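The next block holds one structure in the form of structure tokens; read it before the comments.
A short reminder: the numbers here are calculations on the coordinates, not readings from a lab. These numbers come from a predicted model, not from an experiment. Heads up, the Cβs are rebuilt from the backbone with ideal geometry, glycines too, and the neighbour counts pull from every protein chain shown.
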Amino acid sequence: MKIQILGSGCAKCNQLRENAEAAARELGLEYEIEKITDFREIARMGALVTPALAVDGKLKLVGKVAGPEEIKPLLRAS
Amino acid sequence: MPSVFTPYEVFARWAVERVFGLDPATRLGSSLEFFFYDVPKVLTLLVAVSFVVGTLQTWLQPEAVRRILGGRRLLFGNIAAAFIGIFTPFCSCSAVPLFIGFLKGGVPLGVTFSYLISAPMVNEVAVALLWGLFGWKIALTYIGFGIALAIAGGVVIGLLRLEKWVEPFVWEVPAGAGEPESMPLRARLREGWRSTREIVGKVWPYIVGGIAAGAFIHGYVPSDLVMRWAGPENPFAVPVAVILGVPLYANIAGVLPITEALAGKGMPLGTVLAFTMAVTALSAPEMIILRNVLRPPLLAVFIGVMTAGIIAVGYLFNFVL
């Protein structure tokens, strides 16, 4: 699966990325990380607030730095 | 007169007299009393205000706000946007996706601007600090003027029909639409607490540092110096305060305690309000980010309207009220 982190590269986005990777590792998932920093692309995907998290192009979480435990069910459902 | 804040006064007096063994009438003693009174009080208020706002904002996620404001007409839409802005946090890093998403979601340009002005200006950190340092009347006055400015600024931009100065690509991006999240009350409260920890964790060093600087001014800087530079005798104090406020984004927490000390020595409150508004609403980084979606003339109109409005608020408060 492709885990996408949407945001302009602020500290919050990096934290979200780390948490998402931790969640994916703990679940033993095969994943790749994509950072989306272009705000046109962010708007196209439908995120109004960053940081946001999408899986395979589908928006899962917007506007907060969720912990690994909160991210796990989002990854599992995909 | 006893008030809810009396315990903080007792604590500060106790700390100065018993822990440090100083007389509060001395310079060092009065500085320390200022510090030990303000730090616990402001931090308590910040936790309380952040928690209330953080919980309420779960009902006002941007998707929900876009739905409420979509297709609203001038004035009514601006009023709604300005009030909603009180309860929604705002990070300048989100300004661009939010701007695009709102416009594509059918929110008129002027209404979008009312929201973009109100959301960062009326924020929990500024309100908690004004409340703790200057009292609830000043905090409410700030909120009131902030809402008025957000409505007026958005209406002016809406009436001028400046859509032509929005970068053309904004209208071409096919914007997706997220769904507003529904969650149980417990989750909302947890969300409120999470955002409180995030905010307090980020700003407490500025608050402590700012209050320490304020405490130094309180004890050591002579009043006539402040009166000469920032007092009513200097007719340019308001515009100068506004210009100084622009580069100080995100440091409102560190700067307001210093203005409290200056106000205690004669700086008028209208100047304080104008300065706070400039710091929160006219930040340089936000302007640079907004340049991505606004062509220079529209950005100039926005900055001009805000600057004029904020200076007017400062003078109005100093000379009329």
| task | Could you pull out every residue, at least 5 positions away or on a different chain, whose amide H is within less than 5 Å of the one on A:LEU59? Hs are placed 1.01 Å off N in the peptide plane, and Pro or chain starts have none. | result | none
| said: I want to check the label-to-label distance for B:ALA148 and B:LEU74. Put each point 7 Å from Cα in the C-beta direction and report it in nm to one decimal. | reply: 2.1
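How high is the FRET efficiency from B:VAL221 to B:ALA187, r the C-beta distance, R0 45 Å, rounded to 0.05? Spell out each step's value before the answer.
Working: r = 48 Å, r/R0 = 1.07.
After rounding, the FRET efficiency stands at 0.40.
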| note | Those helices of chain B passing the 30 Å axial Cα length cut-off and the mean Kyte-Doolittle cut-off of 0.5 (DSSP H runs only) are B:27-56, B:136-159
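Calculate the mean, over all residues of peptide A:36-42, of how many other protein chain Cβ atoms lie within 10 angstrom of the residue's Cβ. Don't skip to the answer; put the middle values down first.
On the way: counts 0, 0, 0, 12, 11, 2, 8.
Mean shielding by partner chains, rounded to a whole number: 5.
Using only the Cα atoms of the protein assembly as shown, construct the convex hull and provide its projected area averaged over every direction, in square nanometres to one decimal.
Working: hull surface 84.6 nm².
Approximately 21.1 nm², given one-decimal rounding.
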| task | Would you please give the residues with an amide H less than 5 Å from that of B:LEU294, counting only those at least 5 places away or on a separate chain, with H modeled from the backbone geometry? | result | B:GLU167
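Taking each residue in B:87-94, count the Cβ atoms of any other chain within 10 Å of its Cβ, then average. What number comes out?
Details: counts 0, 1, 2, 1, 8, 2, 11, 13.
Taking all residues of B:87-94 together, the mean is 5.
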| request: Treating only the Cβ atoms of Lys and Arg (+1) and Asp and Glu (-1) as charged, compute the dipole magnitude of region B:6-320 about its Cα centre; round to the nearest 20 debye. | output: 540
| field | Rg and Dmax [Cα atoms of region B:240-321; Å; Rg one decimal, Dmax integer] | value | 13.6, 43
| What length, rounded to one decimal in nm, is gained on full extension from B:GLU172 through to B:PHE11, with 0.36 nm per residue of separation minus their alpha-carbon distance? | 52.0 nm
| query | For region B:45-79 and region B:110-181, what is the separation of their C-alpha centers, rounded to whole Å? | reply | 10
| note | Placing each pseudo-label 7 Å from Cα in the direction of the beta carbon, B:ARG291 and B:VAL52 end up separated by a distance in nanometres of 3.9
| said: As an exercise, use a Förster radius of 30 Å and the Cβ-Cβ distance of B:SER3 and B:ARG197 to find the FRET efficiency, rounded to the nearest 0.05. | reply: 0.60
| What 222 nm value per residue comes from the helices of the protein assembly as shown, counting each DSSP H run with n ≥ 4 as -39,500 (n - 2.57) and dividing by all residues, nearest 500 deg cm²/dmol? | -21000 deg cm²/dmol
| request: Could you pull out every one of the aspartates and glutamates with an alpha carbon less than 14 Å from that of B:LYS164, ignoring same-chain neighbours closer than 8 positions? | output: B:GLU172
| Calculated FRET efficiency for the pair B:GLU163/B:ALA300, C-beta based, R₀ 25 Å, to 0.05 | 0.95
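Would you please classify the overall shape of region B:81-204 from the alpha carbon gyration tensor, given that a ≥ b ≥ c denote the square roots of the eigenvalues, rounded means a/c under 1.5, and beyond that prolate means a/b larger than b/c while oblate covers the rest? The partial results should precede the final answer.
On the way: a/c = 2.38, a/b = 1.32, b/c = 1.80.
It is oblate, given that a/c is not under 1.5 and a/b is not larger than b/c.
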| field | Most mobile listed residue (A:GLU21, A:GLU30, A:GLU41) in chain A, GNM with C-alpha springs under 10 Å | value | A:GLU30
| request: Give the angle, between 0 and 90 degrees and rounded to the nearest 10, that separates the Cα long axis of helix A:11-27 from the longest principal axis of the Cα atoms of chain A. | output: 30
| remark: Label model pair B:ASP23, A:THR37: point-to-point distance (7 angstrom along the Cα→beta-carbon line) in nm is 6.1
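What does the C-alpha gyration tensor say about the overall shape of region B:142-256? Classify as rounded when a/c is under 1.5, otherwise prolate if a/b is larger than b/c, or oblate.
Working: a/c = 2.83, a/b = 1.36, b/c = 2.08.
Oblate.
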| remark: Averaged over residues of A:49-55, the number of beta carbons from other chains lying within 10 Å of each residue's Cβ is 4
